[in-house]
Each structure stands twice: as C-alpha cells, then as structure tokens.
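The values are calculated or read from the model by the stated rules, or taken from the named source; none is laboratory data. If you're wondering where the values come from, they're calculated on a predicted model, not measured in any experiment. With ideal geometry, Cβ positions are generated from the backbone for all residues, glycine too; neighbour counts draw on all protein chains shown.
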Amino acid sequence: MIYNKEEEYKVKFYKSTKTNKSPVLDYIDKLNVKEKAKVLKYIEFLRVNKGVLDEPYSKHIKGKIRELRVDFFKSKHRILYFTFIKRNIILLHAFLKKTAKTPINEIRIAEENYNNVINNNKIYE
C-alpha cells in the first residue's frame, strides 16, 4: 500500500478484549491536572514526530516496543507503545517507574497487550 504523505499518524489506546477497558487511558485519568497535561503533551509530541523520538523522550525496550518517558519532578511516568500499520501508534501500557530499570513484569504486560493487538489487528487499523 502506498501511503499519502499528507496522512498524519494517529495515536490509539490499547483496549483489552476481555474488559473492554484501556489501561493507559485509566492510568492517565488518575493523574493530577499538571501531570496529565504533560503526559498528553508528550503523546502529541510522539504523534507529530511519527512515533520516533530519541532519548531522553523515548527508549527502545524490546522488539518493537518502546517506552515514552515523562518525568514530572520525582514521578517517572512510562508509557510502552509501538508503531503499527497504517501510521498508528498504539499505547500499550502505562505505569509509574520506581526503579532504575524498567521492571520485567511491566514489560510482560506490554508484550501481552502487543500480542493481543497483533492477533486482533482489525480493531486498530
């Protein structure tokens, strides 16, 4: 398929096929107003830059999964995402980072959500 060069990237939130909820949206909704504004600003920055940001804004985690890094004072918000077909950026999982390295269990959750997207890709096209 040939893409229209004018077509912009879109951000989509992973939605669980079991609960029909989006864990990333739920996470963002629980943030205070200033933190929420900064997280949403970074998500828009990610979209405008076609899913490609260098450190310190983004970091490769595993396979196609990357980490959007939003630091707000001592809070380190992380959103795991990947760039999908038809110029879609899928936000898979969000958490508050409390350790130096990204916890393996958080990566596993993102991988499960990634596999769910791949197996149900029609929902995200």
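Below is a table of values for the structure above.
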{"quantity": "Odd one out for K74 among (1) at pLDDT 95 or above; (2) exposed (fewer than 12 other Cβ atoms within 10 Å of the Cβ); (3) not polar (S, T, N, Q)", "calculated": "(1)"}
{"quantity": "Residues being surrounded by fewer than 18 Cβ atoms within 10 Å (Cβ to Cβ) and either within 14 Å of the chain's Cα centre (by Cα) or within 13 Å of Y81 (Cβ to Cβ) (or both) - total across the range 92-101", "calculated": "1"}
{"quantity": "Flag if T102 is farther than 21 Å from N121 by Cβ, among the polar types (S, T, N, Q), touching a strand residue (DSSP E or B) at 6+ places or on another chain (Cβ under 7 Å) and touching a residue at least 24 places away in the same chain (Cβ under 8 Å)", "calculated": "yes"}
{"quantity": "Residue in the range 19-29 that is nearest to L91 (Cα to Cα), counting only those that are surrounded by 11 or more Cβ atoms within 10 Å (Cβ to Cβ) and out of contact with any helix residue (DSSP H, G or I) (no Cβ under 7 Å at 6 or more places or on another chain)", "calculated": "V24"}
{"quantity": "Options I89, I43, I79, I118; residue that is over 15 Å from K10 (Cβ atoms), at pLDDT 95 or above and out of contact with any Cys (no Cβ under 7 Å at 6 or more places or on another chain)", "calculated": "I79"}
{"quantity": "Tabulated pairs, the range 71-89, first touching a residue at least 40 places away in the same chain (Cβ under 8 Å), second hydroxyl-bearing (S, T, Y), C-beta under 7 angstrom, 6+ apart or interchain", "calculated": "F84/Y124; R87/Y3; R87/Y9; N88/Y124; I89/Y9; I89/Y81; I89/T83"}
